[in-house]
Every structure is written in C-alpha cells, then in structure tokens.
1. State which residue is nearest to the chain's Cα centre (by Cα) when the search covers only region 27-52 and only residues that are assigned to a loop (DSSP other than H, G, I, E, B), closer than 14 Å to LEU7 by Cβ and not aromatic (Phe, Trp, Tyr).
2. Yes or no: CYS53 in contact with a strand residue (DSSP E or B) (Cβ under 7 Å, 6 or more places away or on another chain), within 16 Å of the ligand (Cβ to nearest atom) and touching a residue at least 12 places away in the same chain (Cβ under 8 Å)?
3. Within region 56-74, work out how many residues are more than 6 Å from the ligand (Cβ to nearest atom), out of contact with any Pro (no Cβ under 9 Å at 6 or more places or on another chain) and assigned to a strand (DSSP E or B).
4. Go through (1) modelled with pLDDT under 95; (2) more than 16 Å from the ligand (Cβ to nearest atom) for VAL10 and report which single condition fails.
5. Quickly run through region 1-50 and pick out the residues that are touching a residue at least 24 places away in the same chain (Cβ under 8 Å) and over 17 Å from ARG76 (Cβ atoms).
6. Out of (1) over 17 Å from VAL10 (Cβ atoms); (2) in contact with a strand residue (DSSP E or B) (Cβ under 9 Å, 6 or more places away or on another chain); (3) of a type in the set (Gly, Ala, Ser), what's the single condition that is false for ALA28?
Amino acid sequence: MMVRITLDGVEMEVAAGLPLTEILQARAPGWRRSPRLAAPRGAFCGMGLCGECAVEVDGLWARACLLRSRAGMVVRTETGA
Ligand code: FES
C-alpha cells in the first residue's frame, strides 16, 4: 500500500511502513551533514540512541530511525532548531 507524505514541502507517494531513514536517504540526500566538513552523512546508530537522525515530524522533533511512513506525515529536515 502506498501513502502520501510531505518531505520538505514536497508531496510524494511512498510505501506505507517504510523506515523514514530510508526515505530520507533516497529522497533527500544530504539531509544530514558533517558539522566539520559539511559532507553528507546518514543515520548513525539506527536505533534511537545518538540523535543523528533528528528531523521534524508533524511539528515535533523526532528521531527518523524510529519512525515509519504513514499517511499524511509531514517531515522537515531543516528546521533551524
Ligand atoms: S540514527 Fe541514532 S538516533 Fe537515529
């Protein structure tokens, strides 16, 4: 089943229940950057411990590695927070 989500203002259709980190890696490359070199990087621990995958989901701070896609989800990768 496919669901519609919004990622950084762009509506898209993705598979329901897909790990959010997989969506971000595929649709928003560079969503995480090294603070020292500004090089793209992805999630680190993948299990909710490090906070490297922090994004805004439906207006709240969230760890992307702990979430799966669901209908109507609104994700922002750059919130300035
Ligand atoms: S990758 Fe470490 S909390 Fe998500």
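The values are calculated or read from the model by the stated rules, or taken from the named source; none is laboratory data. Everything quoted here is computed from the prediction, not taken from an experiment. Neighbour counts run over all protein chains shown; Cβ positions are idealised from the backbone, glycine included.
1. Among them, the one singled out is ALA28.
2. On the way: in contact with a strand residue (DSSP E or B) (Cβ under 7 Å, 6 or more places away or on another chain): yes; within 16 Å of the ligand (Cβ to nearest atom): yes; touching a residue at least 12 places away in the same chain (Cβ under 8 Å): yes.
The answer is yes for CYS53.
3. Count: 6.
4. (1)
5. Scanning region 1-50 gives VAL3, ALA15, ALA16, GLY17, LEU18, PRO19, GLY46.
6. (1)
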